Amino acid sequence: MSDSGPYSTLFEPVRIGPVTAKNRFYQVPHCSGLGHLRPQADAAMRAMKAEGGWAVVSNQESEIHPSSDLSPYSENRLWDDRDIPALSLITEGVHAHGALAAIQLVHNGFHAPNLQTRAPALAPVDHSLSIIYPKQARGMSKRDIRDFRLWHRNAALRAKQAGFDIVYVYAGHRMALPLHFLLPQINTRTDEYGGCLENRVRLIRELLEDTHEAVGNTCAIALRICVDELVGESGLQSQEEGRAVVEMLSEIPDLWDVNISDWSNDSATSRYESQEGYQLQYMEFVKQMTTKPVVGVGRYTSPDLMVKLIKRGSLDFIGAARPSISDPFLPKKIAEGRIDEIRECIGCNICASSDILGVPIRCTQNPTMGEEWRRGWHPEKIQAKVSDSDALIVGGGPSGLECALQLARRGYEVTLADKAKQLGGRVLVESALPGLNAWRRVIDNRLYLLQQMANVQLFTSSEMTVEDIIGLEAKHVFIATGTHWRTDGIGRTDRQPVRTDGSVEIISADDVLAGRRTGQGSVMVYDDDQCYLASSIAEMLAGEGFDVTFVTPASIVSPWTENTMEQHRIQADLIRLGVKIVTGHQIACIVDGVVELSCVYSANVQQLSFTSAILITERTRETRLYDELERSTEARALIAHLELIGDASSPGLIADAVYQGHMAARYFEASSEEIEPYIYRREIPSLTHHTENEKWLKPLENELDDQDLGDRPAWKNANRRVDPVPYGRESRVVDTSR
Ligand code: SF4
């Protein structure tokens with residue numbers, strides 16, 4: 001990766017304290033839904049980033065103590081020595097590819113409900129939890145603060161023992177206790193940790209100094225900090241205290257990892273922040289205030305822009321979370337001049353939704369994400385074909401395109417046919433909705449690659465029939481014919497069709513997406529899908545001047561989008577656009593030009609008049625061709641492999657469709673042990689023997705007796721680590737087989 005032409009700047013080594021990064025590509029800490037519950041999967045995923053050329057690969061936030069327990073979410077953990085082996089898996093995997101491993105130590109303060117450990121939650125002052133749970137965080141005493149510093153120092157020592165090269169002090173995203181101390185809206189203490197900025201910064205300064213003292217001889221110390229909360233005067237602002245904090249701590253950390261808060265701002269969806277580097281305006285000043293290297297994120301995927309940012313002194317490292325998920329091999333592709341092959345992040349936040357739902361990470365663009373260990377999938381490698389078979393794919397949506405691409409990469413002769421004039425299926429129409437243009441990258445990347453391949457034929461405006469398929473003598477057929485939206489109102493809430501006399505025109509979502517409109521008038525968008533599409537259509541129609549009323553049985557607009565961290569923006573946008581919102585109501589009937597709505601709680605009824613209605617409730621799988629092939633004796637005699645994939649098999653997210661297409665291609669002509677696609681390697685808790693926990697608890701009890709709880713941190717008086725809150729815990733086995 002030495003000569004990278006116009007992008008050589010990106011491949012210069014950069015010193016960070018006592019360590020050196022081999023280039024400027026820096027994967028900042030990001031959640032994965034793998035964490036302490038799935039340590040081998042986590043390690044394999046991080047190792048893949050290192051293999052892809054990232055100079056620094058960070059893990060996700062690592063809880064330093066049982067009072068920072070984010071259960072049921074699976075972050076990394078560093079509560080005691082028993083967590084070291086799982087984290088060593090990460091460092092070993094990352095180091096094997098010549099990258100530096102970074103760890104983000106975290107105490108989540110009032111963001112941690114401690115549901116598993118039942119420990120008290122902690123905060124600068126008494127404070128409600130940030131999740132809805134009937135419990136409050138305790139304002140920390142001086143002794144609590146001393147304990148916290150001790151836990152943090154112990155975690156740093158353990159991180160070093162696990163092999164990490166960079167150790168983070170984390171004060172970002174409104175999720176970290178040190179940031180809670182910094183913010184005057186939260187921290188109203190009157191002692192030396194509250195009041196003036198110097199006092200509120202004190203804890204961050206102490207943590208940096210403690211960490212330097214503990215591990216700084218061999219590890220670089222990074223500070224990840226929010227410099228703006230995007231809430232004006234009611235929060236931290238980059239031109240006010242954000243700048244002052246950087247000035248005060250300027251040379252103390254070895255590296256500044258700067259972001260904006262909260263997480264939904266720092267990882268905004270492309271629907272609301274479409275430009276690369278949208279955060280730069282808030283944090284570009286940092287480079288002017290320190291000689292230490294600075295990393296910042298911005299969903300960067302364009303190497304020209306990356307070079308520009310380095311050369312003009314905005315950043316030292318190109319930080320990335322989502323672009324590294326979407327394409328773990330982004331640095332290598334830039335180094336090798338394969339820019340057009342970069343699988344660019346589309347900013348959909350399906351990755352974030354995995355963490356929020358407590359399941360392993362997934363990605364719309366990269367179906368191998370999170371599958372590196374449990375399925376052994378590699379984003380850039382795939383097993384070669386096992387025969388000279390050819391394959392026909394009917395349907396050029398996300399699943400069909402992905403299936404065709406992977407089959408072609410395996411070496412099969414591939415024909416893809418779609419009845420539409422353009423390939424892309426649902427992505428083509430959905431990406432035309434307001435703000436969703438970046439979603440087109442799902443098509444663009446795959447189509448570009450398919451068009452380069454000699455073993456691929458692509459046909460548009462080509463509706464396939466059973467006779468056509470028999471005529472082609474296609475022996476291996478994948479049907480990716482997608483879905484269409486119902487118009488009868490059957491959905492999540494109502495399982496009976498809506499009663500209507502036809503007096504209000506009902507337009508299908510597919511027709512609206514295809515451009516069909518009625519004349520001006522009032523439109524009801526009824527959303528019982530409760531995901532993202534209905535609010536997008538309402539936004540589009542309101543933007544076109546229609547009088548739109550959004551009706552949903554849900555209690556908020558588009559509840560699914562809380563998982564992609566954009567629900568609050570979507571509802572705000574509809575209000576701004578003048579869309580009338582009726583929540584908690586379902587359709588009772590549509591008669592005499594009137595829609596009768598009934599309250600889902602009280603059954604009280606209200607009547608509203610509309611010219612037309614768009615009912616977005618549920619999709620119907622388009623399986624006609626598949627069913628006809630199944631029924632045809634001639635086809636059955638000819639076709640050796642017939643498979644329904646994507647939405648036609650199981651309607652879901654675009655990410656699900658891509659994943660299914662990928663899996664179908666991977667397992668095509670697989671050996672008999674591999675053909676059950678839903679069996680994968682699992683990490684299963686072992687039953688820790690009681691005496692093992694006894695062994696663990698005894699010495700800690702003794703240490704507790706010895707602890708100095710006086711004014712000075714206990715570690716000043718003891719050469720060993722002490723852990724005031726030991727737990728017996730179930731351990732995890734290292735290996736399980738399929
Ligand atoms: Fe980007 Fe979406 Fe993949 Fe996340 S899931 S990395 S936002 S493409």
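Numbers for the structure displayed
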quantity: Any hit, the range 425-434, residues being touching a strand residue (DSSP E or B) at 6+ places or on another chain (Cβ under 9 Å) and not aliphatic (A, V, I, L, M); calculated: yes
quantity: Selection count, the range 331-365, where residues are away from the ligand (no atom under 16 Å from the Cβ), in contact with a strand residue (DSSP E or B) (Cβ under 9 Å, 6 or more places away or on another chain) and either over 24 Å from residue 275 (Cβ atoms) or free of Cβ contacts under 8 Å to residues at least 40 places away in the same chain (or both); calculated: 0
quantity: Positions within the range 107-154 being of a type in the set (D, E, K, R) and in a helix (DSSP H, G or I), in sequence order; calculated: 142, 143, 144, 146, 147, 149, 153
quantity: Index of the failed condition, residue 131 passing every other in (1) in contact with a Ser or Thr (Cβ under 8 Å, 6 or more places away or on another chain); (2) under 22 Å from residue 356 (Cα atoms); (3) of a type in the set (A, V, I, L, M); calculated: (1)
quantity: Check on residue 386, surrounded by fewer than 24 Cβ atoms within 10 Å (Cβ to Cβ), more than 16 Å from the ligand (Cβ to nearest atom) and β-branched (Val, Ile, Thr); calculated: yes
quantity: Residue that is nearest to residue 250 (Cα to Cα), among those in the range 178-201 that are surrounded by fewer than 20 Cβ atoms within 10 Å (Cβ to Cβ) and of a type in the set (D, E, K, R); calculated: 198
quantity: Output for the range 439-466, where each listed residue is crowded, with 20+ Cβ neighbours inside 10 Å and out of contact with any strand residue (DSSP E or B) (no Cβ under 9 Å at 6 or more places or on another chain); calculated: 439, 441, 442, 443, 445, 446
quantity: The lone exception for residue 503 - which of (1) surrounded by fewer than 20 Cβ atoms within 10 Å (Cβ to Cβ); (2) assigned to a loop (DSSP other than H, G, I, E, B); (3) at pLDDT 95 or above it fails; calculated: (3)
quantity: Residue count, the range 71-85 (criterion: surrounded by fewer than 24 Cβ atoms within 10 Å (Cβ to Cβ) and either of a type outside the set (Asp, Glu) or part of a strand (DSSP E or B) (or both)); calculated: 7
quantity: Flag if residue 370 is over 12 Å from the mean Cα position of the chain (by Cα), outside any helix (DSSP H, G or I), within 16 Å of the ligand (Cβ to nearest atom) and among the small types (Gly, Ala, Ser); calculated: no
quantity: Residue list for the range 109-125, filter: buried (at least 23 other Cβ atoms within 10 Å of the Cβ) and within 21 Å of residue 192 (Cα to Cα); calculated: 109, 110, 122, 123, 124
quantity: Test: residue in the range 291-305 that is over 20 Å from residue 17 (Cβ atoms), of a type in the set (Lys, Arg) and modelled with pLDDT of 95 or more; calculated: no
quantity: So residue 415, is it surrounded by 18 or more Cβ atoms within 10 Å (Cβ to Cβ), β-branched (Val, Ile, Thr) and within 23 Å of residue 386 (Cα to Cα); calculated: yes
quantity: Answer residue from the range 358-383, given it is touching a Ser or Thr at 6+ places or on another chain (Cβ under 9 Å) and polar (S, T, N, Q) and is surrounded by the fewest Cβ atoms within 10 Å (Cβ to Cβ) among those; calculated: 366
quantity: Conditions (1) within 11 Å of the ligand (Cβ to nearest atom); (2) out of contact with any Phe, Trp or Tyr (no Cβ under 9 Å at 6 or more places or on another chain): number failed by residue 320; calculated: (2)
quantity: Subset of the range 440-496 [out of contact with any helix residue (DSSP H, G or I) (no Cβ under 9 Å at 6 or more places or on another chain), more than 30 Å from residue 595 (Cβ to Cβ) and of a type in the set (Val, Ile, Thr)]; calculated: 460
quantity: Filter result (more than 10 Å from residue 252 (Cβ to Cβ) and touching a strand residue (DSSP E or B) at 6+ places or on another chain (Cβ under 9 Å)) within the range 212-223; calculated: 214, 215, 216, 218, 219, 220, 222
quantity: Of the criteria (1) closer than 21 Å to residue 370 by Cβ; (2) without any contact (Cβ under 8 Å) to a residue 12 or more places away in the chain, which one residue 8 fails; calculated: (1)
quantity: Out of 386, 414, sole residue that is among the hydrophobic types (A, V, I, L, M, F, W, C) and either under 28 Å from residue 536 (Cα atoms) or in contact with a Ser or Thr (Cβ under 9 Å, 6 or more places away or on another chain) (or both); calculated: 386
quantity: Residue match in the range 396-417 (condition: under 25 Å from the mean Cα position of the chain (by Cα), over 30 Å from residue 42 (Cα atoms) and at pLDDT 95 or above); calculated: yes
quantity: Test: residue in the range 35-46 that is outside any helix (DSSP H, G or I), more than 26 Å from residue 316 (Cα to Cα) and touching a Leu at 6+ places or on another chain (Cβ under 9 Å); calculated: no
quantity: Qualifying positions in the range 605-658 - charged (D, E, K, R), more than 16 Å from the ligand (Cβ to nearest atom) and without any contact (Cβ under 8 Å) to a residue 40 or more places away in the chain; calculated: 627, 630, 631, 636
quantity: The range 278-300: number of residues that are surrounded by 22 or more Cβ atoms within 10 Å (Cβ to Cβ) and within 23 Å of the chain's Cα centre (by Cα); calculated: 9
quantity: Residue list for the range 310-323, restricted to those being in a helix (DSSP H, G or I) and either modelled with pLDDT under 95 or surrounded by 22 or more Cβ atoms within 10 Å (Cβ to Cβ) (or both); calculated: 322, 323
quantity: Residue count, the range 355-367 (criterion: outside any loop (DSSP other than H, G, I, E, B) and over 15 Å from residue 60 (Cα atoms)); calculated: 1
quantity: Hits in the range 381-395 (condition: in contact with a Phe, Trp or Tyr (Cβ under 9 Å, 6 or more places away or on another chain) and touching a residue at least 60 places away in the same chain (Cβ under 8 Å)); calculated: 385, 386, 387, 389, 390, 391, 392, 393, 394, 395
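Okay, residues lined up against (1) more than 24 Å from residue 349 (Cα to Cα); (2) touching a Leu at 6+ places or on another chain (Cβ under 7 Å); (3) part of a helix (DSSP H, G or I); (4) away from the ligand (no atom under 16 Å from the Cβ):
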site: 270; (1), (2), (3), (4): no, no, no, no
site: 281; (1), (2), (3), (4): no, no, yes, yes
site: 285; (1), (2), (3), (4): yes, no, yes, yes
site: 288; (1), (2), (3), (4): yes, no, yes, yes
site: 292; (1), (2), (3), (4): yes, yes, no, yes
site: 306; (1), (2), (3), (4): no, yes, yes, yes
site: 325; (1), (2), (3), (4): no, no, yes, no
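The values are calculated or read from the model by the stated rules, or taken from the named source; none is laboratory data. Small disclaimer: the values here were computed from a predicted structure and weren't measured. As a convention, Cβ positions derive from the backbone with ideal geometry for all residues, glycine included, and neighbour counts pool all protein chains shown.
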